[in-house]
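The values are calculated or read from the model by the stated rules, or taken from the named source; none is laboratory data. Computed from a predicted model, the values in this text were never measured in an experiment. No Cβ is skipped: glycine too gets one built from the backbone with ideal geometry, and neighbour counts run over all protein chains shown. Side chains are part of the model used for accessible areas, which takes the heavy atoms of the whole protein and leaves out ligands, DNA and RNA. Shrake-Rupley method; radii C 1.70, N 1.55, O 1.52, S 1.80 Å.
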Amino acid sequence: MSREQGPGGGGEPAGRVDRGHGPGAREVVFKGATVIDGTGAERYRADVRIADGVIAEIGRGVDGARVVDADGLVLAPGFIDMHAHSDLALLLEPEHPAKVTQGVTCEVLGQDGLSYAPVDDRTLPALRRQIAGWNGDPEDFDWDWRTVGGYLDRLDRTGPAVNACYLVPHGSLRMLVVGWENRAPSAAELDRMRALLAQGLAEGAVGMSSGLTYTPGMYADTAELVELCRVVAEYGGFHAPHQRSYGEGALEGYAEMVEIARRSGCPLHLTHATMNFGVNRGRAGELLDLVDRALDDGVDLTLDSYPYLPGSTTLAALLPSWSTEGGPRATLDRLGDPAVRERIRYEVEEKGSDGCHGVVTDWATVQLSGVRNQELADAVGRSVAELAAEQGRSGTEVFLDLLRRDELATTILQHVGHEENVRAIMRHRAHTVGSDGLLVGARPHPRAWGTFPRYLARYSREAGVLTLEETIARMTGRPAARLRLDRRGRITPGHHADLVLFDPERVQDAATFDQPRRPAVGIEHVYVNGTAVVRQGRTTGARPGRALRRTARGTRAA
């Protein structure tokens, strides 16, 4: 445990609320730290002084008004979560303990083609219902924005504990312009989508996300995505797709995303890059060969992954795409039609639903993690197969009735991953880290609270899959470069003081599938913009984070 002293030997009391919106926090010196700077370079020992929110000095014998004894601890840049679902959490619980206790100082929001900006009065209610399983759906809440710029402004007014970047969600654009129809946009509609996308990018978004297994993004063809990615490229952003399949058609889906990058000239970030389900066991090498060929051909490509085997999404995501056309209300209406239910049963249980990545659904692998309707609370933690056996019904009957009773808000874990694939992907030269963590539900995936310490403990210290320097580079310098963050992601004088001090021998994820909200062990201090959000292993309540907006000069606070 580190020891911190200020004048008179006392520390600032934990729990003080400090939004950090002044010129900067007081001076702090980390004394005798083992510095791992985020570049992948070898560690070194030094004193590091921060002042007025930036790294002021690195050397030996550095003094300051407040000293943190960092002997035996690693000082790293703050961790960057390349795939976060904290779009409402940062507004509802801005102290954000799930992420700051892991050492996360910046998150990328607006993922998977569905988020809350841009919207209008028509699309917002349906969107809230559709992604309630990702973010919740608070009723007593002021939805006082409609644009990307408005959302980023709301983040700044709230003052979250961490910094945040935002991706314009393609599915939200499509809702605004085309609705939930399964068709290509007209020329005029495509122009309107391009204009809305350009507006969001001009207001500070770092790129565009797409969700090609979710309604209505799944209805977009390659040509539509190429045209939109050309706009993203003009603004210096990147495309972060949730591609069309992570199962039967995974390699074809990845190849399509690479082709879009080639044709549009838009940088590509393959989000939650996985090769799941039985059809892909041991096939990560085929994905990585595809990635290497693209990189060697000059495609600007990165990817992220989480260090767990199960995935997590909404139960409604398993529906075939045709059954979700028209939006959530139309979907719910269909689920009461016996003929429609039989057609869904056939696709889910015999053919392989495109919503389940072209793979026949094994209900034993589908475990409920959260519900909105508390009458269903006893089902959380159990698989659809267990519920079906108990009720003497088929898995599909249980599936469809859960969706109706919970109005599509049910979240699940899918136990479909493979350890050899996870390890192969994290070793790749283009790899970064993303939690893909959902923060709502009774038993969410533990990756929301454990991703970053799990990399440090399980895959670096214990398994040696990556060195500590390699691991930290994937969490800091490499994602900062993808995001074009202004003076972040490295420990060097003049950079913003987003920093993590942790014990490399003790750091450990504590979140489990049974207890998914347990904070990590061994993360001693976390600073965001020079202000402590974690001190001596405890959250401080400080909220110094900013919305980081893309500009011609890089991604920075307004």
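Summary of values
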item: Gap separating the Cα centres of the stretch 72-149 and the stretch 341-377, nearest whole Å; result: 26
item: Positive dipole terminus of the chain, leading residue within M82, A188, A41 (C-beta point charges); result: A41
item: Electrostatic dipole magnitude of the chain [Cβ: Lys, Arg +1; Asp, Glu -1; Cα centre; debye, to 20]; result: 1180
item: Contact order relative to length of the stretch 114-229, as percent, for alpha carbon pairs under 8 angstrom and 6 or more apart; result: 31
item: Peptides ranked, highest mean first, by Cβ atoms within 10 Å: ranges 84-90, 31-37; result: 84-90, 31-37
item: Rg over Rh, two decimals, the stretch 62-197 (C-alpha only, Kirkwood Rh); result: 1.10
item: Positive dipole terminus of the chain, leading residue within V507, Y459, A70 (C-beta point charges); result: A70
item: For the chain, radius of gyration divided by Kirkwood radius, i.e. Rg to Rh on alpha-carbons; result: 0.97
item: Highest average packing first - 377-385, 452-460, Cβ atoms within 10 Å; result: 452-460, 377-385
item: Segment E286-E390, extension gain: residue separation times 0.36 nm, minus the distance between their alpha carbons; result: 33.4 nm
item: Amide H contacts under 5 Å for L548, placed H, 5+ residues apart; result: A164, C165
item: The chain: antiparallel DSSP beta bridges as a percent of all, rounded to 5; result: 60
item: Histogram of C-alpha separations across the stretch 131-180, 10 Å bin width, %; result: 19, 47, 31, 3
item: Accessible area expressed per residue, the stretch 464-558, with surrounding protein chains retained (probe 1.4 Å, Å²); result: 34
item: Chain lengthening between L92 and E375 when straightened (0.36 nm per residue, less Cα-Cα); result: 99.4 nm
item: Packing rank of 216-222, 192-198, where each peptide gets the mean count of other beta carbons within 10 Å, highest leading; result: 216-222, 192-198
item: Solvent-accessible area per residue for the stretch 316-424 (1.4 angstrom probe, square angstrom); result: 40
item: From the C-alpha gyration tensor of the stretch 234-307, square roots of 5λ in Å; result: 21, 12, 11
item: Rg over Rh, two decimals, the stretch 507-558 (C-alpha only, Kirkwood Rh); result: 1.14
item: Span per principal axis, largest first, for the Cα atoms of the stretch 411-531 (Å); result: 44, 31, 29
item: With every protein chain in place, the stretch 133-188: carbon and sulfur % of accessible area (1.4 Å); result: 46
item: Only Lys, Arg (+1) and Asp, Glu (-1) charged, at Cβ; the stretch 82-128 dipole about Cα centre in debye; result: 60
item: Potential lengthening between T512 and A481 on full extension [0.36 nm per residue; Cα-Cα distance subtracted]; result: 8.0 nm
item: More than 18 angstrom apart: percent of Cα pairs within the stretch 263-396; result: 67
item: Positive dipole terminus of the stretch 301-386, leading residue within G336, L318, Y308 (C-beta point charges); result: G336
item: Only Lys, Arg (+1) and Asp, Glu (-1) charged, at Cβ; the stretch 215-318 dipole about Cα centre in debye; result: 260
item: Rg(Cα) / (2.2 N^0.38 Å) computed for the stretch 351-437, rounded to two decimals; result: 1.30
item: Alpha-carbon centroid distance for the pair the stretch 381-414 / the stretch 508-525, whole angstrom; result: 29
item: Surface share of carbon and sulfur [accessible, 1.4 angstrom probe, percent] for the stretch 509-558; result: 46
